[in-house]
Amino acid sequence: MSLKQINFPIKLNFFKKLFLLTIGVVFLTIITSFIFNSLFLDKFYIYRKKQNIVEIRNSLVNVINDKNKLENYIYFAEDSFGVKIDLNFIPQNNRSHMSGNKKIFNSLKINESTFKIREVDGTSGVMFIRYYERLQDGYLLSIRSSMAVMAEHIQDIFLFNIFTAFFSLIMSSIFVSIFSKKINRNIMYLKNSAEKIAKLEYPKNISLNSGDELEELSHSLNEMSKELSVSIENLKLFVSNASHELKTPISVLCLYSQALARGNVSEDKKKEYYKTMLDKSLEMRSLTESLLTLSKINSPDYKLNKEEVNLKTLIENSLEQFDYLEFQKNIDIDLKIFDLFISGDLNLLKIAINNLVQNMLKYSPEDSTIFITFENNTITFKNPIYFNKVININEIFEPFQRGENALNENIDGSGLGLSLVKKILQLHKFQFDLAIENSSFIFNIDIKKTD
């Protein structure tokens, strides 16, 4: 069996991943520290020693002309910094004699300096660093510092790093374990809440007080749970209402068609049966078209097909379409509107205008007057209603919600009209409001006129 065929059922939860990641980071830091110490610690130590010697040299040169201060500073520097300072005068007539100091003196120019690193005796392995500088007036400055301490310090540092590594790993394991368990507990809480939402259980009060992104996620899940709960309830209500609205005409169609098929209807009543069946069929078609339109425009990716639309023409065509209601109820129409062009979706605006006009004519009492006017960029649809009943303005825009007046007067309708109007106007970003004042139904639409 090849390695590719082996299935390793290893699944690490968030706690284990975070724990291993943190321990890995700590371990990597320790290894990096060891590598840097091995490669650069001695070089850094020598660099710092040289800087320290240069500082001593500068302080010494500042007092070189004052014998007392010079002696005091040499004593202080040797005692405080662990260095050996020699200030030798090399006579000019003896400079040809090539002793060690004289060779160095002759190899340097005035105010030129050099560092040398050597073993003390060539066998002990103990190193020292020495600074030479040729001063004016024939002086050779020598500052020597032992680096034996460096070897001891490197060993101590290595042992200290090992101790620190173990201590860091132990402490990191403890703190990461506590921290990751807390985070994992919060994540599991959110995971369980999300699983409940997926099962349509909708938990209430999903809340965390962690002060981080998980807390924000809990708030989002809580809002999502509430919104989904309301949406599902609305969907159930919508389906129930739609089924109820369709049930009546379907029942009538079934009953009448069975009677006709069995020959139980006299010739003089057949025409009445056919007319009723046609009316119910048209009612069902209107309802299904409204449902499909409402579903389509509620889609989040729906886009308007905008073109130039004359609202006056739409309103006039709608009044003509429903003129049978106008003549049936002897309603007068006060139309005060001129050619008004806007950019919008012709089909959707036609649906909105038709619903508004049809509602005005259906819900107005006989021998009344309806008003359609345009003033200050606002189209107003105003019609009287049968009597003053308390109407919840917010609920009347919900699907299948109808006012008590319509129910009491047995006026046909599905209650989808204003839902469609509201959504269409929102898609066009038109501001609108609805009010009932002095026994009149007033619907205002704020229209910005286009050129």
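Structure values in brief
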quantity: Near pairs, Cβ below 8 angstrom, 6+ apart or cross-chain, from the range 316-327 (closer than 16 Å to D339 by Cβ) to any residue that is open to solvent by 20 Å² or more (accessible area, probe 1.4 Å) and not in a helix (DSSP H, G or I); calculated: E316/L335; L319/I333; L319/L335
quantity: Residue check, Y202 of a type in the set (F, W, Y), more than 30 Å from I35 (Cα to Cα) and not in a helix (DSSP H, G or I); calculated: yes
quantity: Checklist (1) at pLDDT below 80; (2) closer than 30 Å to I35 by Cβ; (3) open to solvent by less than 70 Å² (accessible area, probe 1.4 Å) applied to F163, failing item; calculated: (3)
quantity: Count of residues meeting criterion [open to solvent by 100 Å² or more (accessible area, probe 1.4 Å), at pLDDT below 75 and of a type in the set (F, W, Y)] in the range 9-43; calculated: 0
quantity: Hey, E289 open to solvent by 60 Å² or more (accessible area, probe 1.4 Å), at pLDDT below 85, closer than 24 Å to L416 by Cα and touching a Pro at 6+ places or on another chain (Cβ under 7 Å) or not; calculated: no
quantity: Sole residue being modelled with pLDDT under 80 and either within 34 Å of the chain's Cα centre (by Cα) or loosely packed, with under 13 Cβ neighbours inside 10 Å (or both), chosen from I183, I157; calculated: I183
quantity: Matching option when the condition is at pLDDT 85 or above and more than 25 Å from S419 (Cα to Cα), among L314, L255; calculated: L255
quantity: Filtered residues of the range 302-318 (kept if open to solvent by less than 20 Å² (accessible area, probe 1.4 Å) and not in a strand (DSSP E or B)); calculated: L311, L314, I315, S318
quantity: Count of the range 360-391 residues which are open to solvent by less than 10 Å² (accessible area, probe 1.4 Å) and part of a strand (DSSP E or B); calculated: 5
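Residue by residue, here is whether (1) open to solvent by 60 Å² or more (accessible area, probe 1.4 Å); (2) in contact with a Phe, Trp or Tyr (Cβ under 7 Å, 6 or more places away or on another chain) holds:
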{"site": "D279", "(1), (2)": "yes, no"}
{"site": "N330", "(1), (2)": "yes, no"}
{"site": "I333", "(1), (2)": "no, no"}
{"site": "Q358", "(1), (2)": "no, yes"}
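The values are calculated or read from the model by the stated rules, or taken from the named source; none is laboratory data. Quick caveat: nothing in here was measured; it's all calculated off a predicted structure. Using ideal geometry, Cβ is built from the backbone for each residue, glycine included, and neighbour counts are taken over all protein chains shown. Just so you know, the surface numbers come from the protein's heavy atoms only, side chains and all, with ligands and any DNA or RNA stripped out. Shrake-Rupley method; radii C 1.70, N 1.55, O 1.52, S 1.80 Å.
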